[in-house]
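The values are calculated or read from the model by the stated rules, or taken from the named source; none is laboratory data. This one's a predicted model, so the numbers in the text were calculated from it and none came from an experiment. Here Cβ is always computed from backbone atoms with ideal geometry, including for glycine, and neighbour counts include all displayed protein chains.
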Amino acid sequence: MRRPRLNDVAAQAGVSEATVSRVLNGKPGVGQETRQQVLTALDVLGYERPAALRSTSAGLVGLVVPELVNPIFPAFAQLIESALAGHRYTPVLCTQTPGGVTEDEYVEMLLARGVSGIIFISGLHADSTADPARYHALVDRGLPIVLVNGTRPDLAVPCISADDAGAVRTAVNHLASLGHTRFGLAVGPSRFVPVERKVAAFREAMAAEPHFEGIEEYSLFSVEGGHAATVRLLDAGATAILCGSDIMALGAVRAVRSRGLEVPRDVSVVGYDDSAFMGFTDPPLTTIRQPVAAMSQSAVQTLVDAITGHTTPPGEYLFAGELVVRGSTGPAPSR
């Protein structure tokens, strides 16, 4: 690394050499925005920051995600990592893969590295059949943890969740306004808490209107899973299909086309997440936008508060989604 030359840095930052000198020497009288311009110019030019101006880490924080194939999880990871950096914490990203390192093994690794806390996204806490003792053990040792999208009533920790039930009600209302009465719900395995909530809300919505007909199909959270579930829903006569994720919705569109039908002329499809590029699919996907930014910020703030001794009351905090109407939904076909 080279030591900075005042004239180079001043030219890059668009300020005077005197201003650069004041920043490098830690002198007062320079606004925060201008100070940041000078520091950014140092980084861009490859100069070494003076030791007093280097950021120091407040500690490590574990971030455990189930996988990175579904684009919603990289979105969570990026936003959480950015928020943690704003609090001077360094994230340790732990990504699970089939046959790879398990969640429990990652936790042991994180504990060995002395992390200050852990954020779990759609982990085993979201699996209603998994043993919650692993989380009780972390709470008992005093390690701050935050659970995202999935909760256990017997765990005295903060849980940040999207409102799955509200998302289904919103999607059904949208499709009903287009004249649909025969609905299909394509979701992942029934053991997951978000799936349980979506199914319960779907059944309530179907029961609320005598002329509604609803069919549920459980599958995998994948393109192939969405395709398989949709084939069965089409056989049952559904003209409007709600999917448990955007990835499943892409499989649903493919299944509709494999029958020689069109979306949305013959069948309307609604996704869930509003993950990256869903506005550029064919057709652009109508979906329920998961409030990833707000949830990520809340998860980080909650964890940092716990680490610094300002504990957030345990319980679940629900974040409402937003309907994003695009081209995959349309009027119900005439019989």
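Things to note:
- Taking each residue of the range 219-241 that is more than 11 Å from Ala252 (Cα to Cα) and looking for partners that are polar (S, T, N, Q) with beta-carbon atoms closer than 7 Å, six or more apart or interchain, yields Phe221/Asn70; Phe221/Ser245; Thr239/Ser268.
- Qualifying position, being charged (D, E, K, R), out of contact with any Lys or Arg (no Cβ under 7 Å at 6 or more places or on another chain) and not in a loop (DSSP other than H, G, I, E, B), among Glu81, Glu67: Glu81
- The residues in the range 307-326 that are touching a residue at least 12 places away in the same chain (Cβ under 8 Å) and closer than 16 Å to Arg88 by Cβ can be counted, and the count is 1.
- Total residues in the range 7-18 satisfying the condition of being surrounded by 11 or more Cβ atoms within 10 Å (Cβ to Cβ) and either assigned to a helix (DSSP H, G or I) or among the basic types (Lys, Arg) (or both): the figure is 8.
- The range 19-35 residues that are assigned to a loop (DSSP other than H, G, I, E, B), paired with ones that are not charged (D, E, K, R) (beta carbon under 7 Å, 6 or more apart): Gly26/Ala52; Val30/Thr19; Val30/Val23
- When Glu204, Glu209, Glu217 are checked against the criterion of being over 20 Å from Ser122 (Cβ atoms) and surrounded by 15 or more Cβ atoms within 10 Å (Cβ to Cβ), a single residue qualifies: Glu217.
- The range 109-119: number of residues that are surrounded by fewer than 12 Cβ atoms within 10 Å (Cβ to Cβ) and either without any contact (Cβ under 8 Å) to a residue 24 or more places away in the chain or within 19 Å of Ala77 (Cα to Cα) (or both): 1
- Unmet requirement for Arg203, which otherwise passes all of (1) under 13 Å from Ala171 (Cβ atoms); (2) assigned to a helix (DSSP H, G or I): (1)
Yes/no matrix, rows are residues, columns are (1) of a type in the set (Lys, Arg); (2) closer than 15 Å to Leu303 by Cα; (3) surrounded by fewer than 23 Cβ atoms within 10 Å (Cβ to Cβ):
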| site | (1), (2), (3) |
| --- | --- |
| Gly142 | no, yes, yes |
| Val146 | no, yes, no |
| Leu155 | no, no, yes |
| Pro158 | no, yes, no |
| Asp163 | no, no, yes |
| Gly166 | no, no, yes |
| Asn173 | no, no, yes |
| Ala176 | no, no, yes |
| Arg182 | yes, no, yes |
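- Only one of the numbered conditions (1) without any contact (Cβ under 8 Å) to a residue 40 or more places away in the chain; (2) under 30 Å from Leu147 (Cβ atoms); (3) not aromatic (Phe, Trp, Tyr) is not met by Arg257, and that is (2).
- Looking across the range 210-224, just one residue is touching a strand residue (DSSP E or B) at 6+ places or on another chain (Cβ under 7 Å), among the small types (Gly, Ala, Ser) and in a loop (DSSP other than H, G, I, E, B), and that is Ser219.
- Filter result for the condition that a residue is hydroxyl-bearing (Ser, Thr, Tyr), under 21 Å from Val69 (Cβ atoms) and surrounded by 19 or more Cβ atoms within 10 Å (Cβ to Cβ), over Tyr106, Tyr135: Tyr106
- Considering (1) within 30 Å of Leu79 (Cα to Cα); (2) part of a helix (DSSP H, G or I), the lone condition that Arg232 does not fulfil carries the number (1).
- Where Ser128 falls short, out of the listed (1) in the same structural domain as Ala299 (by TED's automatic domain parsing); (2) crowded, with 21+ Cβ neighbours inside 10 Å; (3) not hydrophobic (A, V, I, L, M, F, W, C): (2)
- Considered as a group, the residues in the range 176-200 that are in a loop (DSSP other than H, G, I, E, B) and touching a residue at least 60 places away in the same chain (Cβ under 8 Å) include one that is nearest to Met248 (Cα to Cα), and that residue is Gly188.
- Of the strands (runs of 3 or more DSSP E) lying entirely inside the range 247-335, those containing at least 2 residues that are surrounded by fewer than 22 Cβ atoms within 10 Å (Cβ to Cβ) span 315-319, 322-324.
- Annotation note: of Thr151, Thr97, Thr90, the sole residue that is outside any helix (DSSP H, G or I) and more than 30 Å from Val269 (Cα to Cα) is Thr90.
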